[in-house]
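J.: The structure is given below, and queries will be raised subsequently.
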Amino acid sequence: MRHNKLNKRFGRTLSERKELMRSMARNTIIHLKIKTTLPKAKETKKMVDGLISLGKAGTIHSMREAFAILQDRSLVSRLFKEIAPLFKDRKGGYTRVIHLGRRHGDGAEMAILELVEKIKVQPKHEKKKKVSETQEKPKPKEEKVKEAKEPKEEKVKKEEKPKEKTPKAAIEAPVKPKQEEKPKKEAPKEKEKKHEPKQEGLFGKLKGFFKKKND
């Protein structure tokens, strides 16, 4: 039996419920609003209002208590420096719950939990730093144009100088003269043997014998 139990468990154990509430409080400080179910939004509202009241106190003890819940130094510094100063004139009611209707599916009631006051975001064009008097002022356009033209003229003058032409003889490699082809020696022709008619008889045989001997 849960008689006289004011807090809702959300079907979680004690440690799980604490971590759920802490995570939702962190997200509320980071994004300045969250969308969740109506019972969770009502429970988170109590914790966020308590954190903002600690931020308004601004003591070291209140910082330690806020850190025990948020577990993040950057979030604690944002709570004390950015969010708490917005509620100086308020004594309570730092957040609001907006009903959204039922969720499609399980039919749970949805709501938005957001801060009543919003941090003013500085527009981008105002963030740019103005040029101080000590800093050098930008040069006029005419001087920049002259400075841009001067180096081009120097380049043109350098290009006008004629380049020394190297002699062709140095570029072209010396060509070796072709060796004259020596005439090939012809093989000695065999002496043409005159075809002489054979001489018949003894006189013809003797004449041929002496002729071969003389040769």
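J.: Cβ neighbours within 10 Å, averaged per peptide: list 5-13, 110-118 in order, most packed at the top.
T.: Packing order, densest peptide first, comes out as 110-118, 5-13.
J.: Same structure, new question: Please list, short to long, the whole-number percent of alpha-carbon pairs of segment 14-119 in consecutive 10 angstrom bins beginning at zero.
T.: P(r) over segment 14-119, rounded to whole percents: 15, 47, 29, 8, 1.
J.: Right, next: Determine, for each peptide in 98-107, 14-23, 73-82, the mean count of other beta carbons within 10 angstrom over its residues, then list the peptides with the highest first.
T.: The most tightly packed comes first, giving 73-82, 14-23, 98-107.
J.: If every alpha-carbon in segment 1-66 counts as one equal scatterer, what log10 I(q)/I(0) does Debye give at q = 0.14, 0.29 1/Å?
T.: So the normalised log intensities are -0.48, -1.30.
J.: Using the Cα centre as the reference, give the magnitude of the dipole from point charges on the C-beta atoms of segment 14-119 (Lys, Arg: +1; Asp, Glu: -1; all else neutral), rounded to the nearest 20 debye.
T.: 140 debye
J.: Just list whichever of Lys56/Lys118; Lys18/Lys91; Lys8/Lys88 have alpha carbons separated by over 28 Å in the model shown.
T.: Lys8/Lys88
We did not get these values from a lab; they are worked out from the coordinates using the rules stated. Source: prediction; values computed, not measured. Glycine gets a Cβ as well: all are built from the backbone with ideal geometry, and neighbour counts include every protein chain shown.
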